[in-house]
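The values are calculated or read from the model by the stated rules, or taken from the named source; none is laboratory data. Just so it is clear, the model here is predicted, and its values are computed rather than measured. Don't worry about glycine lacking a Cβ; one is built from the backbone with ideal geometry, like all the others, and counts go over all protein chains shown. In case anyone asks, the SASA skips ligands and DNA or RNA and just uses the protein heavy atoms, side chains included. Shrake-Rupley method; radii C 1.70, N 1.55, O 1.52, S 1.80 Å.
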Amino acid sequence: MPKTMGILGKKLGMTRVYNEMGVAIPVTVVETGPCTVLQVKTEAKDGYNAIQVGFGKKKASRVNKPQAGHCKKAGGEGFYNIREFRTDNVEEFETGQEIPVDTVLKVGDLVDVQGTSKGKGFQGVMKRHGFKGGGAAHGSGFHRAPGSIGCSAWPGKVIKGKKMPGRMGNDTILKKNTIVVDVRSEENIVLLKGPIPGAKNGLLKIYSK
Amino acid sequence: MSTVIDRIDKEQMRQDHPEFRPGDTVKVHIRIIEGSKERVQVFQGVVIKRKRGNMDASYTVRKISNGVGVEKTFALHNPRIEKVELVTRGRVRRSRLYYLRDRKGKAARIRERGIH
């Protein structure tokens, strides 16, 4: 996890935009902040410097009492997503402050984006680990199986970490050095170049550098 | 689709193209940047395909250049296209005219479509 300031967002989908040269750029549209600072953590009090932010306002009737009490100090009712960002200049922030998008992200910046990849279910080794598999025709009879998984009497066991079939996807993935193509602060929208991990409506953590 | 994405697409979509269909002959004026100079190249041919969509919409134009068939696919909303000119309208019976690739000369003719 990068120890930098950032902002929370929601992936909306993909489209393309043209730059001033007339070249099409594939972009992911992300709905971002404004994020509300819920708590400022300092080294003296909490052992590390960070700010806790909330994103996606919740109706008062949907908020449980512990969260309502926690958010009351910040002047909010409740949030769907509460995350922390490690930052050393915590003195710039105070509880209840709103962080607009354009203070964190600028056009042309390189950012790291963290999301949760789409779950693929139980998958075999070809899809999950990129194994080549066997021949399709000529009576091969060996198609998508993993093949040998180890030796015999020595070591007498399957080595740890052997790539095998299993659950695939639904992992936390950090995509580094993504270019910010456009920041539309009045609409709370950011355009990031290329694809971003996760499904539509998935939560994203965007780390500025 | 998300309304936000629809709005971003609509900002960039071009409404200045004439209506054209597969089978029509068009002149596509392409702005080409060579170093610091900019010039316009005209590509004239038959539209053999139109792909629908918002920002994904595109069309393919086919022509015979020095006896060799040449096809170019353009994004409909590309700002580098100066204009699209409709030359003639053609009457065809399918939406993808891939059969023209196997024909040449007289057999590749397309009947003209009247404007009614």
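Extension gain for the segment A:Glu186 to A:Lys200, taken as residue separation times 0.36 nm less the Cα-Cα distance, is 2.9 nm to one decimal. Sites listed here are GluC sites (Glu not before Pro) in the stretch A:1-110 whose DSSP assignment is loop and whose Cβ has at most 14 other Cβ atoms within 10 Å: A:Glu20, A:Glu94.
Going down the list A:Lys3/A:Lys73; A:Lys120/A:Lys176; A:Lys106/A:Lys175, which pairs span over 21 Å between their C-alpha atoms?
A:Lys3/A:Lys73; A:Lys120/A:Lys176
Between B:Ile33 and B:Tyr99, what FRET efficiency comes out of the Förster formula 1/(1 + (r/R0)^6) with R0 = 45 Å and r the beta carbon distance, rounded to 0.05? Efficiency at R0 = 45 Å is approximately 0.80.
Given R0 = 22 Å, the distance between the Cβ atoms of A:Lys160 and A:His129 translates into a calculated FRET efficiency of 0.90.
Treat the stretch A:105-196 as a sphere of radius equal to its Kirkwood radius over Cα pairs and apply Stokes-Einstein at 25 °C in a medium of 0.890 mPa s; give the translational diffusion coefficient in µm²/s, rounded to a whole number. After rounding, the answer is 143 µm²/s. In the stretch A:68-209, if the dipole is taken from +1 on Lys/Arg beta carbons and -1 on Asp/Glu beta carbons about the Cα centre, which of A:Asn201, A:Gly150, A:Val107 is farthest to the positive end? Sorting the options by dipole projection puts first A:Gly150.
Rounded to the nearest 20 debye, the dipole magnitude of the stretch B:33-116 is 620 debye, with +1 charges on Lys and Arg beta carbons, -1 on Asp and Glu beta carbons, and the Cα centre as origin. Using C-alpha pairs under 8 Å with a sequence gap of at least 6, the mean separation divided by the residue count of the stretch A:6-207 gives a relative contact order of 29 percent.
With a 10 Å cut-off around each Cβ of B:44-57, the average count of Cβ atoms from other chains is 1. Neighbours of B:Asp16, meaning other residues whose beta-carbon lies under 11 angstrom from its beta-carbon, give a summed charge of +1 when Lys and Arg score +1 and Asp and Glu score -1.
Rounded to 0.05, the FRET efficiency of the A:Arg167 and B:Thr3 pair, given R0 = 25 Å and the Cβ-Cβ distance, is 0.15. Straight Cα distances below 17 angstrom link A:Lys118 to the aspartates and glutamates A:Asp171, with same-chain residues fewer than 8 positions distant left out.
Once each of the chymotrypsin sites (Phe, Trp or Tyr not before Pro) sitting in a DSSP loop with at most 14 other beta-carbon atoms within 10 Å is removed, chain A keeps A:49-141 as its longest stretch. By a 1.4 Å probe calculation restricted to protein chains, B:Ile64 has an accessible surface near 100 Å², given to the nearest 10.
Mean partner shielding of peptide B:78-87, defined as the number of other chain Cβ atoms within 10 Å of each residue Cβ, is 2. Taken along the Cα-to-beta-carbon direction at a fixed 7 Å, the label points for A:Glu43 and B:His17 span 5.9 nm. The distance linking the stretch A:105-147 with the stretch B:34-113 is 38 Å (Cα centroid to Cα centroid, whole angstrom).
The long axis of helix B:3-12 is offset from the longest Cα principal axis of chain B by roughly 60 degrees.
Within the accessible area of chain A, the carbon and sulfur atoms contribute 51%, probe 1.4 Å, all protein chains present.
3J(HN,Hα) along the stretch A:106-114, derived from phi through the Karplus expression 6.51 cos²θ - 1.76 cosθ + 1.60 where θ = phi - 60°, amounts to 10, 5, x, 5, 9, 10, 9, 10, 10 Hz, with x in place of Gly and Pro. What value, in deg cm²/dmol to 500, does the helix sum -39500 (n - 2.57) over DSSP H runs of n ≥ 4 give at 222 nm once divided by the residues of the protein assembly as shown? Helix-only estimate at 222 nm: -2000 deg cm²/dmol. Taken one residue at a time, the phi angles of the stretch B:14-30 give Karplus couplings (6.51, -1.76, 1.60, θ = phi - 60°) of 9, 10, 8, 7, x, 6, 9, 10, x, x, 6, 9, 10, 10, 9, 9, 9 Hz. Gly and Pro are set to x. The 3J(HN,Hα) values that the Karplus relation (6.51, -1.76, 1.60; θ = phi - 60°) gives for the stretch B:96-103 are, in residue order, 10, 9, 5, 5, 5, 5, 8, 10 Hz. Gly and Pro appear as x. Amide H contacts under 5 Å for A:Gly6: A:Ser208, restricted to partners 5 or more places along the chain or on a different chain, H placed in the peptide plane at 1.01 Å from N. Number of Lys-Lys pairs in the stretch B:1-105 with C-alpha atoms under 27 Å apart and a separation of 8 or more places or on different chains: 28. Only the Cβ atoms of Lys and Arg (+1) and of Asp and Glu (-1) were treated as charged; on that basis the dipole of the protein assembly as shown about its Cα centre amounts to roughly 2400 debye.
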